[in-house]
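All remarks here apply to the structure that follows.
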Amino acid sequence: MSVGKIFKFHNDLDTDQIIPSQYLLLPSIEEMKAHAFESLDPEFPQKVKPGDFVVGGENFGCGSSREQAPGVLKALGVQAVVAKSFARIFYRNAINIGLPVIVCKELPDQVETGDEMELSMADGTAKAKGNTYPCTKLPPYMQQILNQGGLIPSLNEEVI
Amino acid sequence: MGQTVIEKILSRNTGSLVKPGDIVTVSVDRVMIDDIMMPFIVDKFHEMGFEKVWDPDKVVMIYDHLVPSSQQDDVRHYKVGDRFAKENGLEHVYRSDGICHQLMTEEGYVKPGDVVFGTDSHTTTYGCVGAFSTGIGYTEMAAILGTGTVWIKVPETIKIAIDGRLPDHVMSKDVILRIIGDLGADGATYKALEFCGTTVEQMSISSRMTMANMAIEAGAKCAVFTPDEKTAEYCGTVLGEWERSLSGDGDAVYDKVITYDARGFEPVMACPSQVDKIQPVRLLEGTAIDQVFIGSCTNGRLEDLQAAARVLKGKKVAPFVKLIVTPASRKVYEEACACGAVKTLVEAGAILTHPGCGLCCGRAGGILWDNEKVVATNNRNFLGRMGTSKVEIYLASPEVAAACAVAGKIVLP
């Protein structure tokens with residue numbers, strides 16, 4: 001996979017910060033994405049480029065069940081979210097929409113916003129600042145959903 | 001080998017002996033869809049190629065976050081929901097009767113041992129009657145609506161045993177806040193919380209509901225209480241042999257067991273802006289406040305309104321402080337009127353609002369502005385949750401919240 005720039009966030013980052021509730025009624029994810037991380041970094045939607053990474057600490061995506069949270073990150077072209085741990089609903093939602101969520105215990109503390117990284121899901125590694133960090137691989141069932149591009153393509157596959 | 005409550009529920013549902021870490025496909029007993037997610041679910045449902053929901057009787061649609069409308073877009077959500085209900089013959093639709101989690105249990109849609117999913121993270125609430133219940137996203141809900149099934153990973157269980165009598169002025173809210181503080185915001189991630197002990201046995205279903213509701217704030221997948229006679233009465237059911245067996249076996253394997261002596265609890269608050277940032281109220285006394293909110297799926301029930309009314313009886317809300325009270329459902333509202341609690345609250349200066357999610361989801365009915373402080377009985381104090389990102393939210397019990405409204409600052413009841 002290609003090299004992307006890191007945008008780093010704190011521990012216990014909740015989904016209200018990823019996409020505040022007042023924007024959840026906008027008609028589409030495309031319209032919501034301009035408000036991603038508005039309370040923490042209002043310029044994030046302009047700065048992030050397709051292929052970039054969001055890096056979090058522990059418990060990334062806690063709080064509300066809003067699927068719009070991984071949705072806006074995917075719509076902005078975020079290649080993957082890499083964090084020390086994830087809140088479970090965010091984790092499921094991300095895989096269901098085909099956004100890779102990668103658990104990596106060491107990398108988040110070693111990088112800052114603006115650093116570059118490279119992810120290899122097949123090897124289960126992330127590279128940044130000249131170091132290679134091991135990542136946890138997904139259970140096969142979830143990896144399969146992700147490989148197929150999310151739950152919808154995956155279900156369609158089953159039906160066929 | 002023995003089983004935890006959640007392992008028993010999932011074993012029966014799947015017809016196989018499950019253990020933590022297993023990925024299993026469950027048959028869903030009931031789903032709850034709220035108004036915020038409605039159009040997204042319907043879009044995904046059609047995108048997946050489904051035409052009809054798998055079982056209309058198992059689907060409950062509740063309009064609560066957006067009722068009554070405060071913006072033009074809200075109406076679109078009702079319309080999409082109404083059309084979907086008509087096309088699929090859905091009859092369990094609530095358009096202005098209260099908060100989803102309150103209605104799911106109050107209206108009898110969840111029974112002990114059920115497996116239930118909802119498009120809201122506080123779906124953990126239904127563990128109050130001994131069910132497995134958890135929140136999911138809208139794509140996954142669309143898949144359940146088409147298939148009636150979903151995969152889950154069987155969670156490990158953390159057992160929390162609380163014994164003894166709680167001190168005066170301590171409510172179940174203080175208990176769960178303290179537990180979240182001790183576990184941390186991710187202390188129970190992917191896990192089930194199993195509450196037991198004489199303290200929780202003494203609690204009403206409403207009090208248990210407050211605790212199950214907030215389990216997600218420690219990251220839990222679900223929370224569960226053993227069903228008992230109170231549960232049976234609340235659910236209008238009779239417990240069979242299996243439902244009676246829904247307690248953790250002596251030789252069940254737990255991720256960990258945490259024990260509390262009820263006498264050690266005291267009134268506490270979750271301080272801005274993390275739910276696990278717990279402080280005793282006594283250490284926060286004197287902090288000036290601008291508003292108090294008593295309501296939500298966490299603490300908007302009759303016993304909560306009555307607790308507030310007892311504190312406010314014959315007193316007045318402090319000048320410059322707005323006290324907003326939102327009953328969790330129409331039934332709660334009616335009962336609070338009948339018992340005189342509403343009269344007491346209104347005479348004290350409270351603003352009574354319609355049942356619904358209201359201020360808790362930050363959309364209407366008391367939105368706060370920069371540098372204001374609010375004491376609130378709901379479940380989240382995240383940045384920007386009830387107004388701008390410079391609002392400070394302190395989470396507390398209804399009794400503490402009412403005392404603060406009278407004093408105009410943080411005080412002990």
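Values as computed for the structure displayed
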{"read-out": "Tally of residues being within 27 Å of B:Gly15 (Cα to Cα) and hydrophobic (A, V, I, L, M, F, W, C) across the stretch B:140-189", "value": "11"}
{"read-out": "From the options B:Gly113, B:Gly127, residue that is small (Gly, Ala, Ser), in contact (Cβ under 8 Å) with a residue 40 or more places away in the chain, part of a loop (DSSP other than H, G, I, E, B) and away from chain A (no Cβ under 14 Å)", "value": "B:Gly113"}
{"read-out": "Positions within the stretch A:42-57 being assigned to a helix (DSSP H, G or I) and free of Cβ contacts under 8 Å to residues at least 40 places away in the same chain, in sequence order", "value": "A:Phe44, A:Pro45, A:Gln46"}
{"read-out": "Pick from the stretch B:131-151, criterion at pLDDT 95 or above and part of a strand (DSSP E or B), ranking: nearest to the other protein chains (Cβ to nearest Cβ)", "value": "B:Gly135"}
{"read-out": "So A:Ser39, is it more than 21 Å from B:Lys44 (Cβ to Cβ), more than 13 Å from the chain's Cα centre (by Cα) and either touching a residue at least 24 places away in the same chain (Cβ under 8 Å) or within 14 Å of chain B (Cβ to nearest Cβ) (or both)", "value": "yes"}
{"read-out": "Flag for B:Met37 being at pLDDT below 95 and either closer than 19 Å to B:Tyr126 by Cβ or surrounded by fewer than 22 Cβ atoms within 10 Å (Cβ to Cβ) (or both)", "value": "yes"}
{"read-out": "Entirely in the stretch A:64-160, the helices (runs of 4 or more DSSP H) that have 1 or more residues that are of a type in the set (Phe, Trp, Tyr)", "value": "A:88-96, A:140-147"}
{"read-out": "Evaluation of A:Ile97 against (1) more than 8 Å from every other protein chain (Cβ to nearest Cβ); (2) closer than 18 Å to A:Gly149 by Cβ; (3) touching a helix residue (DSSP H, G or I) at 6+ places or on another chain (Cβ under 8 Å) (one fails), failing number", "value": "(1)"}
{"read-out": "Filtered residues of the stretch B:165-202 (kept if at positive phi and either buried (at least 24 other Cβ atoms within 10 Å of the Cβ) or hydroxyl-bearing (Ser, Thr, Tyr) (or both))", "value": "B:Tyr190"}
{"read-out": "Those helices (runs of 4 or more DSSP H) lying entirely in the stretch B:182-269 with at least 1 residues within 14 Å of B:Lys159 (Cα to Cα)", "value": "B:198-202, B:205-213"}
{"read-out": "First in the stretch A:12-23 and under 13 Å from A:Asn59 (Cα atoms), second anywhere and of a type in the set (Lys, Arg) and buried (at least 24 other Cβ atoms within 10 Å of the Cβ), Cβ under 7 Å, 6 or more apart", "value": "A:Thr15/A:Arg66"}
{"read-out": "Test result for B:Lys19, at the interface with another protein chain (Cβ under 10 Å from one of its Cβ atoms), in contact with a helix residue (DSSP H, G or I) (Cβ under 8 Å, 6 or more places away or on another chain) and of a type in the set (Lys, Arg)", "value": "no"}
{"read-out": "Unique match (being more than 24 Å from B:Gly113 (Cα to Cα), surrounded by 15 or more Cβ atoms within 10 Å (Cβ to Cβ) and not assigned by TED's automatic domain parsing to the domain that holds B:Lys331) among B:Asp97, B:Asp73", "value": "B:Asp97"}
{"read-out": "B:Val342 crowded, with 24+ Cβ neighbours inside 10 Å and more than 10 Å from chain A (Cβ to nearest Cβ)", "value": "no"}
{"read-out": "Residue list for the stretch A:1-31, filter: more than 13 Å from chain B (Cβ to nearest Cβ) and assigned to a strand (DSSP E or B)", "value": "A:Gly4, A:Lys5, A:Ile6, A:Phe7, A:Lys8"}
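The values are calculated or read from the model by the stated rules, or taken from the named source; none is laboratory data. None of the values given here were measured: they were computed from a predicted structure. We place every Cβ from the backbone using ideal geometry, glycine too, and count neighbours over all the protein chains shown.
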